[in-house]
Structure formats: structure tokens, C-alpha cells
Amino acid sequence: MEQYYDYIKSLHLIFVITWFAGLFYIVRLFVYHIEANEKPSPEKEILTKQYKLMSYRLWYIITWPSAVLASIFAFLMLFGTARGMTWLHFSWMHVKLLFVFLLYLYHLKCHQIYKQLRNDEVKYTVNFMRLWNEGATIILFSVVFLVILKNAINWVFGLVGLIVFAILLMLGFKFYKRIREKNNS
């Protein structure tokens, strides 16, 4: 299987990209679905029906299959090749796998929210969903920097950088919220 490593890696990367695309977009659909829930009839029913259909297609045709295929190719890359087995000895890979675990938890929480909205249970606010959307962004940044920089990264600076990035995202979110509130009034 060693001769197929680059093909497996390419397929893994393609499905990671489509997985993240699905995660980013599903949370946007959650935002729109929750906003539609606050509209008067019949607009509310028309929009929520459409968002349910869009969410269903995105979730089961793109996001879930991408997550499964990305995981299969990652498993083949790590455990089916000598090169992959070597990566498992590095501390950066352990940290990356921790972020991948967090990504699975994020995905499963999105699945829970998806099912709640399908059942017309709105348990979260639009602002929570906008903030929730940044979780995938933080995981993506963390994983990309870990994979590219590997052992060259200073863990302290990396952690500080991640915290600063998260703070900047939150400040950007608050700034955007103020602009939206000002434009709506």
C-alpha cells in the first residue's frame, strides 16, 4: 500500500476539505433556520421547510459521507503505510489527533442540533450559532498549522497564537453583531 500513499493522502485531503465545507455551511443553515422560525406565517413555514430540505441534502449527501471517507483515508494513511506509522511517533501528530477528536465532537453536536431543528426544536439563538460556527474555524487553523509546521512549532507560541486568534474571532463577532443591530434599528 506504500506506493499508493500519495493517492490516499490526496483523497484524505479532498474529503477533509468537503467535510469542513459542509460543517461551515450547515451552521449557516442553522442560523437561517432559526431566523426563519421568528418570521410570521406563512413565511416561517415556507422558509423552515426549505432550510430543512437544504440541511438534509448537505448533511447526508456531502458532510457525513465526507467525514466517513476522510476518516477511512486517514486510517489507511496512518495504519496502512510505514510512513503513516512513523507519523504516530511524533508529538505534533498526537496533538493533531486530539483536534481531530474535537472535530468529531463538533460534528456530532452539529448532528444533534440538526435533528432538533428537523423536529422544530429551537434550543439555540442565532448569536450562539454564529459563535458556534467559529469552532470549526479554530480546529481547522490548529490542524493546518500543526501539519505544516510539525515539530518546528513552539507549543507555547502556538497555544498563545490560537488563544489570540480565538479572541480576535470573538471580537469580530461582537463588532459584526453591533453593525447588524445598528442597521436593523
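The values are calculated or read from the model by the stated rules, or taken from the named source; none is laboratory data. Note that the structure is predicted; figures quoted are calculated from it, not measured. Because the Cβ atoms are built from the backbone with ideal geometry, glycine has one as well, and the counts that use them run over all protein chains shown.
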Looking at the range 86-96, is at least one residue out of contact with any helix residue (DSSP H, G or I) (no Cβ under 9 Å at 6 or more places or on another chain), among the hydroxyl-bearing types (Ser, Thr, Tyr) and surrounded by 11 or more Cβ atoms within 10 Å (Cβ to Cβ)?
yes
Just to be sure I understand, how many residues within the range 1-56 are among the β-branched types (Val, Ile, Thr), in contact (Cβ under 8 Å) with a residue 24 or more places away in the chain and farther than 24 Å from VAL144 by Cβ?
3
All conditions in (1) in contact (Cβ under 8 Å) with a residue 24 or more places away in the chain; (2) under 17 Å from the mean Cα position of the chain (by Cα); (3) closer than 30 Å to LYS39 by Cα are true of TYR124 except (2)
Restricting the range 51-85 to residues that are in contact with a helix residue (DSSP H, G or I) (Cβ under 8 Å, 6 or more places away or on another chain) and farther than 30 Å from SER10 by Cβ, which is surrounded by the most Cβ atoms within 10 Å (Cβ to Cβ)?
TYR51
Could you check VAL144 against (1) modelled with pLDDT of 85 or more; (2) surrounded by 16 or more Cβ atoms within 10 Å (Cβ to Cβ); (3) farther than 30 Å from ILE46 by Cα and say which number it fails?
(2)
In the range 73-101, anything of a type in the set (Ser, Thr, Tyr) and part of a helix (DSSP H, G or I) is listed as THR86, SER91
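Go through THR63, THR48, THR86 for me and flag whichever is farther than 28 Å from LYS115 by Cα and hydroxyl-bearing (Ser, Thr, Tyr).
Numbers: THR63 fails: farther than 28 Å from LYS115 by Cα; THR48 fails: farther than 28 Å from LYS115 by Cα.
Answer to the check: THR86.
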